[in-house]
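The values are calculated or read from the model by the stated rules, or taken from the named source; none is laboratory data. Here the structure is a predicted model, which is why all the values come from computation and not from measurement. Using ideal geometry, Cβ is built from the backbone for each residue, glycine included, and neighbour counts are taken over all protein chains shown. To get the accessible areas, we keep the full protein, side chains included, count just its heavy atoms, and leave off ligands, DNA and RNA. Shrake-Rupley method; radii C 1.70, N 1.55, O 1.52, S 1.80 Å.
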Amino acid sequence: TQLLKQSPQFLSIQEGENLTVYCNSSSVFSSLQWYRQEPGEGPVLLVTVVTGGEVKKLKRLTFQFGDARKDSSLHITAAQPGDTGLYLCAGKLGSNDYKLSFGAGTTVTVRA
Amino acid sequence: GAGVSQSPSNKVTEKGKDVELRCDPISGHTALYWYRQRLGQGLEFLIYFQGNSAPDKSGLPSDRFSAERTGESVSTLTIQRTQQEDSAVYLCASISGLPWEETQYFGPGTRLLVL
């Protein structure tokens, strides 16, 4: 049973459009991470959020951690083909945990 | 410095054969994870090594799976008597082990296909 559910599973958009992907759970997480994975590669960490209500911006990417620390979203503004990839969220239940629970991911395709 | 490397990058084997997958973590990283990624699914935790502590093997799906790590260096994941459901990408990640460090650095994975 996956603790983190990501939606949508697939997303295909035109270059220049905006997109949002979601990561939801009924469990409270001490921290949540977002990774991007490109074909044939391992996931690469984009951001870690630790405070409920926290918003972090990384260029055109905006990450939000829900107030209750049960959900998160990733918003990409003016998407580019280089944003294509599998976006994974992963969370730690306890601050001292070493295990991450991963969602199944959202596959994003940005068409030129 | 070099990142995490894994070998082989691809492995095709016949059902019932044993396979050994290798992970070379970032030098100096004390902690190492193995994950399995099936198509359309998230990463599934398999095993965790931290320094000289006993590994956390709670994610290994059956006794056909085993892993070793020599000190803080190379790790090998062995799957005995492979089954078709073992087909997946096997990812290794290392982390520095420092209390404030939360970044896992992943290798490119080994794509295993069991025929």
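Each row is one residue, and each column tells you yes or no for (1) more than 10 Å from chain A (Cβ to nearest Cβ); (2) touching a Lys or Arg at 6+ places or on another chain (Cβ under 6 Å); (3) in contact (Cβ under 8 Å) with a residue 60 or more places away in the chain; (4) assigned to a loop (DSSP other than H, G, I, E, B).
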residue: B:Y35; (1), (2), (3), (4): no, no, no, no
residue: B:A54; (1), (2), (3), (4): yes, no, no, yes
residue: B:T78; (1), (2), (3), (4): yes, no, yes, no
residue: B:V89; (1), (2), (3), (4): no, yes, no, no
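Can you work out which of the residues in region A:89-104 that are without any contact (Cβ under 8 Å) to a residue 40 or more places away in the chain and of a type outside the set (F, W, Y) is least open to solvent (accessible area, probe 1.4 Å)?
Restricting to residues being without any contact (Cβ under 8 Å) to a residue 40 or more places away in the chain and of a type outside the set (F, W, Y), the top hit is A:K99.
Conditions tested, residue by residue: (1) hydrophobic (A, V, I, L, M, F, W, C); (2) over 15 Å from the mean Cα position of the chain (by Cα); (3) assigned to a strand (DSSP E or B).
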{"site": "A:Q6", "(1), (2), (3)": "no, no, yes"}
{"site": "A:L11", "(1), (2), (3)": "yes, no, yes"}
{"site": "A:V28", "(1), (2), (3)": "yes, yes, no"}
{"site": "A:T48", "(1), (2), (3)": "no, no, yes"}
{"site": "A:H75", "(1), (2), (3)": "no, no, yes"}
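In region A:79-112, which residue that is part of a strand (DSSP E or B) and β-branched (V, I, T) is farthest from the other protein chains (Cβ to nearest Cβ)? Step through it out loud before you land on a result.
Kept after step one, since they are part of a strand (DSSP E or B), are these residues of region A:79-112: A:85-92, A:101-102, A:106-111.
Next cut, β-branched (V, I, T) only: A:106-110.
Working: A:T106: 11, A:T107: 9, A:V108: 15, A:T109: 15, A:V110: 20 Å.
Going through the qualifying residues, I end up with A:V110.
Conditions tested, residue by residue: (1) crowded, with 20+ Cβ neighbours inside 10 Å; (2) β-branched (V, I, T); (3) at pLDDT below 95.
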| residue | (1), (2), (3) |
| --- | --- |
| A:C23 | yes, no, no |
| A:S26 | no, no, yes |
| A:P39 | no, no, yes |
| A:G52 | no, no, yes |
| A:K56 | no, no, no |
| A:A79 | yes, no, no |
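If A:G40 passes every condition in (1) small (G, A, S); (2) over 22 Å from B:Y90 (Cα atoms); (3) within 11 Å of another protein chain (Cβ to nearest Cβ) but one, which one does it miss?
If we test A:G40 against (1) small (G, A, S); (2) over 22 Å from B:Y90 (Cα atoms); (3) within 11 Å of another protein chain (Cβ to nearest Cβ), just (2) comes out false.
Report whether or not B:L98 is aliphatic (A, V, I, L, M) and not in a loop (DSSP other than H, G, I, E, B).
Judged against the criteria, B:L98 is not a match.
Can you pull out every residue in region B:37-52 that is at the interface with chain A (Cβ under 8 Å from one of its Cβ atoms) and assigned to a loop (DSSP other than H, G, I, E, B)?
Result: B:G40, B:Q41, B:G42.
For region A:54-112, what are the residues that are hydrophobic (A, V, I, L, M, F, W, C) and on the phi > 0 side of the Ramachandran plot?
A:A78
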